[in-house]
Structures are given as C-alpha cells and as structure tokens.
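The next block holds one structure in the form of structure tokens; read it before the comments.
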Amino acid sequence: MKFYNLILIIALMFGCKNYQKMETVASVDLQKYAGKWYEIAMYPTVFQKGCTNTSAEYQLTDKGYVKVINRCNKETVDGNAKSIEGKAFVVKNSNNAKLRVQFFWPFRGDYWIIGLADDYSWAVVSSPNRNYLWILSRTKTMDEVTYKKIIQLIIAKGLDPERLQKTEQKPD
C-alpha cells in the first residue's frame, strides 16, 4: 500500500501545474448565449479529430437543461457531416458561467465560459484544468484585432496560445 501512496504523491507533485484558479465571466444570459456558434480555434481533442467546419448550437429547454448540438465535417469542409447531441446543465451558484456538458451518460465535462463579448458576438470556453479551449464566434470568421484581444485574455488566464489550432470554416 505504501508503494501506491508514493506513486500518487509523485504523480501529484509532477502532474499538477501551479496556475491561479480559473476564473469565469461574472454571469451569462442564457437567452443571449443560445443559438449557433462557429468554432474559430481550439485545443485539439481526440473527440474532434479531423473536424472542420465546426459549429455548436445551444437551445434552451423547459426541462432545466440546454440542448447542445455539435456539428462538423470530417477531414475537409465538404467531407462527411457528423453531429452529436448532448445536454448542458448549469452549475449551481455560477450565474450560468459554468456548465457541465453530457454527450454520453454518465460522463459530464466542464464547460466554463471564461471570456464573452458584451454583445455575445464571441465567447471563450475552457475547463478548470485548462485541458480544453474553444474560441467561438457568431460568424464563421473573426477579425484579427478581436482574435489578438482574445489571445491576450487566454494568456492572462494561464492558457497556452501555442496549442491553439484554427478551425477551417466553409465560406458562405
């Protein structure tokens, strides 16, 4: 048993990064947040491997959760269309800035809104462990000034902009 305790201590010492606590935006109006968002950039993930033309749609329900529909095309913007539906549950006392998203029961993941334009034209989503990051926009493209502003925001949050991968979107 002592061996396993030693392994756990070593893993905690070397596996943890000394970041400040991840802060979210103060509050989110889910009525304004609902609708379609386009992925501008993200940290690559296994579950989005090969995705292009990626979007997410959030629909409020009368059942106490937000319906989530993620869509993408595989490999190219004209590739096979894929989609997955899930549910997002607001974390109590978070002013709607923290959600738990579930695509496969019983697994839920953190969805923390850490940046949000006043007019809800863009959003930045991450998780407390900083393993995930998405830059979202209401439009398929984002001007360079706004993108650079968001990069500064994510740096201030202790996230690595070098890990970002821009998402190819199909032109209208």
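Only one of 88, 41 is under 19 Å from residue 128 (Cβ atoms) and modelled with pLDDT of 95 or more; which?
Details: 41 fails: under 19 Å from residue 128 (Cβ atoms).
So the residue among 88, 41 that is under 19 Å from residue 128 (Cβ atoms) and modelled with pLDDT of 95 or more is 88.
For the stretch 141-152, indicate whether the set of residues that are in contact with a Gly (Cβ under 7 Å, 6 or more places away or on another chain), modelled with pLDDT under 95 and closer than 30 Å to residue 20 by Cα is non-empty. Can you show your working first?
Keep residues of the stretch 141-152 that are in contact with a Gly (Cβ under 7 Å, 6 or more places away or on another chain), which gives 150.
After this cut, where a residue has to be modelled with pLDDT under 95 as well, the list is none.
The answer is no; no qualifying residue exists.
State the number of residues belonging to the stretch 35-57 that are surrounded by 17 or more Cβ atoms within 10 Å (Cβ to Cβ), in a strand (DSSP E or B) and either among the aromatic types (Phe, Trp, Tyr) or within 14 Å of the chain's Cα centre (by Cα) (or both). Break it down stepwise before answering.
Applying the first criterion (surrounded by 17 or more Cβ atoms within 10 Å (Cβ to Cβ)) to the stretch 35-57 yields 37-43, 48, 51-56.
When the remaining residues are screened for being in a strand (DSSP E or B), the result is 37-42, 51-56.
This time we only want the ones that are either among the aromatic types (Phe, Trp, Tyr) or within 14 Å of the chain's Cα centre (by Cα) (or both), so: 37-42, 54-56.
Counting residues in the stretch 35-57 that are surrounded by 17 or more Cβ atoms within 10 Å (Cβ to Cβ), in a strand (DSSP E or B) and either among the aromatic types (Phe, Trp, Tyr) or within 14 Å of the chain's Cα centre (by Cα) (or both) gives 9.
Go over the candidates 170, 63 one by one and state the one that is surrounded by fewer than 19 Cβ atoms within 10 Å (Cβ to Cβ), modelled with pLDDT under 95, under 20 Å from residue 29 (Cα atoms) and over 15 Å from the mean Cα position of the chain (by Cα). Write out each step before concluding.
Details: 170 fails: under 20 Å from residue 29 (Cα atoms).
Only one candidate passes the filter, namely 63.
Just need a number here: residues in the stretch 147-172 that are closer than 20 Å to residue 48 by Cβ and in contact (Cβ under 8 Å) with a residue 60 or more places away in the chain.
The total comes to 9.
Looking at the stretch 66-87, which of its residues are of a type outside the set (D, E, K, R) and crowded, with 18+ Cβ neighbours inside 10 Å?
Kept after step one, since they are of a type outside the set (D, E, K, R), are these residues of the stretch 66-87: 66, 68-70, 72-73, 76-77, 79-81, 83-84, 86.
Listed by number, the residues that qualify are 66, 68, 70, 72, 73, 86.
Please work out if residue 143 is charged (D, E, K, R), free of Cβ contacts under 8 Å to residues at least 60 places away in the same chain and under 13 Å from residue 26 (Cα atoms). Give the steps one after another, and end with the answer.
Numbers: charged (D, E, K, R): yes; free of Cβ contacts under 8 Å to residues at least 60 places away in the same chain: yes; under 13 Å from residue 26 (Cα atoms): no.
When the stated conditions are applied, residue 143 does not pass them.
Does residue 88 fit the bill of being small (Gly, Ala, Ser) and over 14 Å from the mean Cα position of the chain (by Cα)? Walk me through how you get there before you give the answer.
Numbers: small (Gly, Ala, Ser): yes; over 14 Å from the mean Cα position of the chain (by Cα): no.
So residue 88 does not fit the description; no.
Taking the conditions exactly as written (closer than 21 Å to residue 47 by Cβ, surrounded by 14 or more Cβ atoms within 10 Å (Cβ to Cβ), of a type outside the set (Asp, Glu) and touching a residue at least 40 places away in the same chain (Cβ under 8 Å)), does residue 138 satisfy them or not? Can you show your working first?
On the way: closer than 21 Å to residue 47 by Cβ: no; surrounded by 14 or more Cβ atoms within 10 Å (Cβ to Cβ): yes; of a type outside the set (Asp, Glu): yes; touching a residue at least 40 places away in the same chain (Cβ under 8 Å): yes.
No.
Confirm whether residue 112 is among the hydrophobic types (A, V, I, L, M, F, W, C) and without any contact (Cβ under 8 Å) to a residue 12 or more places away in the chain. Before you say what the answer is, go through the steps one by one.
Values: among the hydrophobic types (A, V, I, L, M, F, W, C): yes; without any contact (Cβ under 8 Å) to a residue 12 or more places away in the chain: no.
Here the answer is no, as residue 112 does not meet what is asked.
The values are calculated or read from the model by the stated rules, or taken from the named source; none is laboratory data. Predicted model, so just to flag it, every value in this text is computed and none were measured. All Cβ positions, glycine included, derive from the backbone under ideal geometry; neighbour counts span all protein chains shown.
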